[in-house]
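Reading through the structure tokens given below for one structure.
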Amino acid sequence: MTGDQCDECAPQTFGYDRTIGCTDCNCKPEGVLNGNLDCDLDTGACDCKANVVGRTCDVCENGFWNYPDCEQCDCDPAGTTQTICDRETSSCSCKGNTGGLTCGECQPGTYNLEASNPEGCTKCFCFGITSTCTSSNLIRTEVSVLSFVINVSCECKSYHFILACLWLRAITKTLLYLIDKSEFQINCL
């Protein structure tokens with residue numbers, strides 16, 4: 001401690017307390033910026049190099065590995081968890097429905113890799129007909145017209161496909177019942 005009344009922390013210490021004094025900063029020389037081993041007098045936070053975190057600058061931030069150099073991991077952010085990668089090995093930390101070395105691939109039975117999806121990819125919903133699906137470049141939009149024509153043609157070669165086609169016809173009829181002045185045509189072959 002220092003000061004006229006011994007009420008201030010000396011360099012490389014923090015958190016003055018009348019009873020116990022000050023605590024050592026313990027800044028890690030290899031993790032601090034410009035060799036500065038002093039820390040914040042109140043919090044004890046050391047001044048870390050880029051991509052280094054922790055009160056004492058002792059670990060790489062999420063998405064980086066190989067302390068103290070802290071190199072960026074080669075992972076797809078859309079397919080990784082919040083930690084992104086292992087800070088020791090750089091192995092990517094994949095979300096539940098993603099895989100591959102960089103977590104940039106959807107697992108079988110899933111599609112549409114998105115960063116906002118907590119699982120990374122969405123499970124296929126193909127009504128039990130198949131478990132293989134892919135993303136498309138089509139977009140969802142609101143239809144504001146009251147008159148339109150729907151033509152759907154299903155080529156049904158098995159019992160499951162016939163059921164799916166009949167289900168599609170029933171859903172379409174219900175939808176069109178709710179919208180006036182609509183035509184529809186569904187053929188189950």
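So, G21, is that one surrounded by 13 or more Cβ atoms within 10 Å (Cβ to Cβ) and modelled with pLDDT of 95 or more or not? Lay out the reasoning, then the answer.
Working: surrounded by 13 or more Cβ atoms within 10 Å (Cβ to Cβ): yes; modelled with pLDDT of 95 or more: no.
When the stated conditions are applied, G21 does not pass them.
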Fill in: Test for K49: is it in contact with a Pro (Cβ under 8 Å, 6 or more places away or on another chain) and in contact (Cβ under 8 Å) with a residue 40 or more places away in the chain
no
Worksheet item: So how many residues does segment 37-78 have that are of a type in the set (D, E), part of a loop (DSSP other than H, G, I, E, B) and within 26 Å of the chain's Cα centre (by Cα)?
Response: 5
Worksheet item: Just to be sure, is A78 modelled with pLDDT of 95 or more, of a type in the set (A, V, I, L, M) and in the same structural domain as L113 (by TED's automatic domain parsing)?
Response: yes
Worksheet entry | For S93: the one exception among (1) assigned to a strand (DSSP E or B); (2) more than 30 Å from C27 (Cα to Cα) | (2)
Response to the item:
Per the filter on segment 79-90, residues part of a strand (DSSP E or B) and either in contact with an Asp or Glu (Cβ under 7 Å, 6 or more places away or on another chain) or surrounded by fewer than 21 Cβ atoms within 10 Å (Cβ to Cβ) (or both) are T81, Q82, T83
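The values are calculated or read from the model by the stated rules, or taken from the named source; none is laboratory data. Everything numeric here is computed off the predicted structure, so don't read it as measured data. Glycine also receives a Cβ, built like all others from the backbone with ideal geometry; neighbour counts cover every protein chain displayed.
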